[in-house]
Amino acid sequence: MYDTIIIGAGASGLMSAIISVRKGEKVLLIEKMPQPALKLRITGKGRCNLTNTLPLKDFLKHCGSEPRFLYPAFTQFFHNELITFFEDLGLKTIEERGGRIFPKSGKAQDVFLAMINYLEESNCTILKQTQVTKLIIEESQIKGVETIPFETSNKELCNHERHKAIPLQKSYYANKVILAAGGESYPQTGSSGDGIRLAKQAQHSIIETCPSLVGLKLKDYNPITEYPNLIDFELHNLRAIIKDKTGKKLCEEFGDIIFRENAIEGPIILTLSRQIASLAGKEKLLLELDLKPNIEQKILDKKLLMEFDQRGKENIKTSLRAFLPYELIALAQAKCDIDFNKPTHQLSSNERKLILHFLKNCNFEIIGTLGFERAVVTQGGVNLKEINPKTLESKLTKGLYFAGEVMDLDADTGGFNLQIAFSTGYLAAQN
Ligand SMILES: Cc1cc2nc3c(=O)[nH]c(=O)nc-3n(C[C@H](O)[C@H](O)[C@H](O)COP(=O)(O)OP(=O)(O)OC[C@H]3O[C@@H](n4cnc5c(N)ncnc54)[C@H](O)[C@@H]3O)c2cc1C
């Protein structure tokens with residue numbers, strides 16, 4: 001019998017385990033994968049953006065469907081406490097542009113090592129390659145969990161028929177269980193939706209999940225065959241706007257994008273994707289790129305006229321280099337449907353308007369996202385209405401607690417998601 005069982009050794013589960021151990025509890029930490037925290041180790045492109053130093057009020061603006069839910073967790077354990085927590089574990093941090101905090105070593109691996117080393121030196125029992133398949137609940141009180149050895153072939157998770165057939169099933173008992181099994185994004189790291197399924201088994205309702213902070217797939221976007229130079233090209237300082245089918249603006253961002261071979265990514269696309277996560281692929285949405293956001297349409301048209309006048313003998317492709325990087329010329333040609341090899345003086349005023357339109361309103365229809373495989377976070381999850389925000393205990397099952405992305409909590413990029421995981425992991429263990 002344990003005091004606390006924690007399901008999932010990701011960011012939130014590791015935090016819960018450390019706090020539970022510090023309370024003197026007998027702790028069992030169960031991880032499905034052969035190694036814990038596979039996702040934490042690849043965060044921030046391997047550098048791990050741990051948190052953000054924005055004041056609480058501003059921080060909350062970047063968080064979740066219901067930011068007030070996080071208030072009790074953040075008032076107990078916020079970025080200052082997190083930085084001190086890691087310093088106590090021997091991990092120094094540095095602050096970068098935009099208040100983003102990283103380990104000073106620049107290695108996400110060191111964040112993981114600081115936590116796991118602490119746990120391995122404590123009396124926390126860590127079971128790896130062990131998948132929790134069922135919560136044991138009696139009369140609305142958690143009693144423990146059922147597990148099976150995890151093999152990559154066990155794809156049908158929490159399938160009871162299959163479960164019965166596996167002889168190595170083992171149960172573990174505790175009156176407190178913290179469900180920290182993550183969401184559905186990057187399933188290859190172990191977070192493949194088990195947490196959601198286990199919460200459902202405890203009768204929790206689920207806010208429909210969808211990939212968020214993810215690249216967008218576009219209609220008639222064929223870089224491989226039509227404009228290969230564009231693949232992996234980064235474009236800086238532009239405005240991206242997403243509109244609905246009526247042309248109403250839903251959201252906009254200013255910054256950088258990256259053209260990929262099958263989608264468009266980059267910081268502002270990820271941020272926008274979060275705001276339309278539940279609509280992408282279901283409703284008609286348009287992505288509009290303003291490639292010259294600092295020049296008004298009329299002034300840009302005058303500049304085009306002047307430039308094209310001076311370069312009348314050159315072909316259009318060459319003249320356009322005054323306005324566009326080389327990598328974008330083929331896309332412009334495809335979008336404007338003009339022969340760019342003819343001399344610039346042959347360009348009609350209608351054709352010039354098409355080029356102007358490309359520069360100011362380069363439109364694509366969004367046909368979906370790159371999915372959970374490439375999504376940084378999961379939007380949706382366990383309904384927050386059924387969780388007590390002051391303790392993170394289930395309102396339906398006594399002794400069952402939640403931590404991290406399994407809940408209907410997601411945030412922008414910038415260190416917000418990991419702070420949510422760490423703060424909720426802390427609070428769930430605290431009570
Ligand atoms: C590529 C990438 C980069 C990111 N970079 C950043 C960043 O720099 N900053 C930031 O703030 N956020 C970042 N995030 C988001 C952040 O990593 C997550 O929000 C955070 O890890 C969620 O923590 P968690 O503990 O809830 O879940 P996870 O970290 O996903 O951990 C859940 C754990 O539970 C285990 N598990 C699942 N099911 C079971 C089961 N049935 N039995 C036992 N164990 C189970 C999983 O194997 C996994 O180890 C990034 C995400 C990705 C994908």
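Report, by residue number, each residue of segment 192-203 that is open to solvent by less than 60 Å² (accessible area, probe 1.4 Å) and under 23 Å from the mean Cα position of the chain (by Cα). Hits for segment 192-203 are S192, G193, D194, G195, I196, L198, A199.
If you check I355, I338, I387, which single one turns out to be touching a strand residue (DSSP E or B) at 6+ places or on another chain (Cβ under 9 Å) and among the aliphatic types (A, V, I, L, M)? Break it down stepwise before answering.
Numbers: I355 fails: touching a strand residue (DSSP E or B) at 6+ places or on another chain (Cβ under 9 Å); I338 fails: touching a strand residue (DSSP E or B) at 6+ places or on another chain (Cβ under 9 Å).
When all the criteria are applied, what remains is I387.
One residue stands out among those in segment 117-143 that are out of contact with any helix residue (DSSP H, G or I) (no Cβ under 7 Å at 6 or more places or on another chain), open to solvent by 30 Å² or more (accessible area, probe 1.4 Å) and within 14 Å of the ligand (Cβ to nearest atom): the one that is nearest to V27 (Cα to Cα), which is T125. Among what's in segment 308-339 and is among the small types (G, A, S) and more than 40 Å from the chain's Cα centre (by Cα), pick the residue that is farthest from N361 (Cα to Cα). By that ranking, first place goes to G312. Could you list all residues from segment 246-271 that are without any contact (Cβ under 8 Å) to a residue 40 or more places away in the chain, open to solvent by less than 70 Å² (accessible area, probe 1.4 Å) and not in a strand (DSSP E or B)? G247, G266, I268 - these are the residues of segment 246-271 that are without any contact (Cβ under 8 Å) to a residue 40 or more places away in the chain, open to solvent by less than 70 Å² (accessible area, probe 1.4 Å) and not in a strand (DSSP E or B).
Residue-wise test of (1) more than 10 Å from the ligand (Cβ to nearest atom); (2) assigned to a loop (DSSP other than H, G, I, E, B); (3) surrounded by 24 or more Cβ atoms within 10 Å (Cβ to Cβ); (4) of a type in the set (D, E, K, R).
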position	(1), (2), (3), (4)
A330	yes, no, no, no
A334	yes, no, no, no
I338	yes, yes, no, no
H345	yes, no, no, no
F364	yes, no, no, no
I367	yes, no, no, no
K385	yes, no, no, yes
Q419	no, no, yes, no
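Yes or no: Y186 aromatic (F, W, Y), at pLDDT 95 or above, in the same structural domain as I206 (by TED's automatic domain parsing) and over 11 Å from I5 (Cα atoms)?
Details: aromatic (F, W, Y): yes; at pLDDT 95 or above: yes; in the same structural domain as I206 (by TED's automatic domain parsing): yes; over 11 Å from I5 (Cα atoms): yes.
Yes: the conditions hold for Y186.
Among the residues of segment 169-191, write down those that are of a type in the set (G, A, S) and crowded, with 23+ Cβ neighbours inside 10 Å. Write out each step before concluding.
Our first condition is that a residue be of a type in the set (G, A, S); within segment 169-191, this holds for 171, 174, 180-183, 185, 190-191.
The answer is A180, A181, G182, G183, S185, G190, S191.
Take the residues of segment 391-417 that are open to solvent by 10 Å² or more (accessible area, probe 1.4 Å) and among the β-branched types (V, I, T): which is nearest to the ligand (Cβ to nearest atom)? So, considering only residues that are open to solvent by 10 Å² or more (accessible area, probe 1.4 Å) and among the β-branched types (V, I, T), the one nearest to the ligand (Cβ to nearest atom) is T413. For segment 212-233, a residue qualifies if it is touching a Lys or Arg at 6+ places or on another chain (Cβ under 8 Å) and open to solvent by 20 Å² or more (accessible area, probe 1.4 Å), and the qualifying residues are I231, D232.
With respect to the conditions (1) in contact (Cβ under 8 Å) with a residue 60 or more places away in the chain; (2) open to solvent by 40 Å² or more (accessible area, probe 1.4 Å), K313 falls short on a single one, namely (1).
Condition first: part of a strand (DSSP E or B), more than 22 Å from the chain's Cα centre (by Cα) and either closer than 17 Å to Q203 by Cβ or acidic (D, E) (or both). Can you find one or more residues in segment 351-358 that meet it? No, segment 351-358 has no match at all.
Annotation note: Cβ proximity below 6 Å between a residue of segment 191-209 that is assigned to a helix (DSSP H, G or I) and a residue that is at pLDDT below 95 and away from the ligand (no atom under 13 Å from the Cβ) (sequence gap 6+ or interchain) occurs for no pair.
Which number in (1) within 23 Å of L235 (Cα to Cα); (2) free of Cβ contacts under 8 Å to residues at least 60 places away in the same chain marks the one condition that D412 misses? Here D412 meets the rest and fails (2).
The values are calculated or read from the model by the stated rules, or taken from the named source; none is laboratory data. No experiment lies behind these values; they were computed from the predicted model shown. A quick note on method: Cβ atoms are made from the backbone with ideal geometry, for glycine too, and the neighbour counts reach across all protein chains shown. Please note that ligands, DNA and RNA were not included when accessible areas were found on the heavy atoms of the full protein model with its side chains. Shrake-Rupley method; radii C 1.70, N 1.55, O 1.52, S 1.80 Å.
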